[in-house]
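The values are calculated or read from the model by the stated rules, or taken from the named source; none is laboratory data. If you're wondering where the values come from, they're calculated on a predicted model, not measured in any experiment. With ideal geometry, Cβ positions are generated from the backbone for all residues, glycine too; neighbour counts draw on all protein chains shown. The accessibility values were calculated without ligands, DNA or RNA, using every heavy atom of the protein model including side chains. Shrake-Rupley method; radii C 1.70, N 1.55, O 1.52, S 1.80 Å.
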Amino acid sequence: MAVKLPNGATVHIATNYDAAKPVTVATNAVEAVLTVTGHGFNDGDFVLLESGWGKLNERVFRIGGKTNDTFKLVGVDTSDVDVYPAGGGKGSVRKIAGWTQIPQIIEFSTSGGEQQFVDFGFLEDDYEQQIPSTQSALSITIKIADDPSLPGYKAAAKASDAGGKTPLRLVLKGGGQIVYNGYPSLNKTPEMTRNQIMAVTLAYAVSGPAARY
């Protein structure tokens, strides 16, 4: 049993990428191995994956077990060929070459992500049953003490103005990390309440499952 406080956690937004490189082979293994000839990556790097496997497409993963031309997606089990058809994982990969910390965070909260269910029953039944269907969309709300001169504010504003998906990384005290991909949107008008810190809100619409390390 363990309990933790969020104190000391930091949030980082992707700001630089290496050029995309083709994935020529993706194996069905307990930890998927990707072949990217002469990739130049290092263990612990984070990459943005474009994959023919829909469950992995446009998600961020940490790599490990690298050789000159291959690396593993840490913790990603693709051994089920019904979910990950053999030969279907080809695509491309980009290393996230730079992260910028968003400092002065007052609050980091989430909404959504709940499991949805379908209720059903048969004519002869006196009770209904449930089966799980999908999970609702997840969104993150980050309140930031207002200072538009800070690099993290500028990085969030730039990503918001671009309108595309931008990876986000949450680093927990003690070394744990959670990575997301999604759409950031920064409200540049600060909240102003007497005797409270002026703050802006970064809304982040998560586009798929997070990866936790």
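Residue count for region 11-38 satisfying the condition of being of a type in the set (Val, Ile, Thr), touching an Asp or Glu at 6+ places or on another chain (Cβ under 8 Å) and open to solvent by 40 Å² or more (accessible area, probe 1.4 Å): 2. For region 132-146, the candidate set comprises residues that are within 17 Å of Ser185 (Cα to Cα) and among the hydroxyl-bearing types (Ser, Thr, Tyr); within that set, the residue that is surrounded by the fewest Cβ atoms within 10 Å (Cβ to Cβ) is Thr141. Would you say Tyr183 is open to solvent by less than 50 Å² (accessible area, probe 1.4 Å) and not acidic (Asp, Glu)? No; evaluated as a whole, the condition is false for this residue.
When Gln196 is tested against the conditions (1) in contact with a Gly (Cβ under 7 Å, 6 or more places away or on another chain); (2) closer than 24 Å to Gly8 by Cα, the lone failure is (1). Pairs, please: C-beta under 7 Å, at least 6 apart or cross-chain, first residue free of Cβ contacts under 8 Å to residues at least 24 places away in the same chain and in region 29-54, second polar (S, T, N, Q) and not in a strand (DSSP E or B)? Going by the 7 Å Cβ cut-off, there are no qualifying pairs.
Checking Gly75, Gly8, Gly54, Gly38 one by one, the residue that is more than 30 Å from Lys143 (Cβ to Cβ), part of a loop (DSSP other than H, G, I, E, B) and over 16 Å from the mean Cα position of the chain (by Cα) is Gly38 and no other.
Region 90-208 holds strands (runs of 3 or more DSSP E) entirely within its bounds, and those carrying 2 or more residues that are aromatic (Phe, Trp, Tyr) map to 115-120, 177-191. Would it be correct to say that Ser149 is modelled with pLDDT of 95 or more, open to solvent by 30 Å² or more (accessible area, probe 1.4 Å) and among the polar types (S, T, N, Q)? Against the criterion (modelled with pLDDT of 95 or more, open to solvent by 30 Å² or more (accessible area, probe 1.4 Å) and among the polar types (S, T, N, Q)), Ser149 qualifies. Quick check on region 47-55. Is at least one of its residues in contact with a Lys or Arg (Cβ under 7 Å, 6 or more places away or on another chain) and of a type in the set (Phe, Trp, Tyr)? No, region 47-55 contains no residue that is in contact with a Lys or Arg (Cβ under 7 Å, 6 or more places away or on another chain) and of a type in the set (Phe, Trp, Tyr). If you go through region 111-131 and keep only what is open to solvent by 90 Å² or more (accessible area, probe 1.4 Å) and either aliphatic (A, V, I, L, M) or closer than 30 Å to Trp53 by Cβ (or both), you end up with Glu114, Phe117, Leu123, Gln130. Output the number of the condition that Val60 fails; it satisfies all remaining conditions of (1) closer than 19 Å to Val206 by Cβ; (2) surrounded by fewer than 12 Cβ atoms within 10 Å (Cβ to Cβ). Failing condition for Val60: (2). When Val76, Val93 are checked against the criterion of being over 30 Å from Lys154 (Cβ atoms) and surrounded by 13 or more Cβ atoms within 10 Å (Cβ to Cβ), Val76 stands alone in meeting it. The single residue among Thr100, Thr70 that is polar (S, T, N, Q), more than 20 Å from the chain's Cα centre (by Cα) and surrounded by 15 or more Cβ atoms within 10 Å (Cβ to Cβ) turns out to be Thr70.
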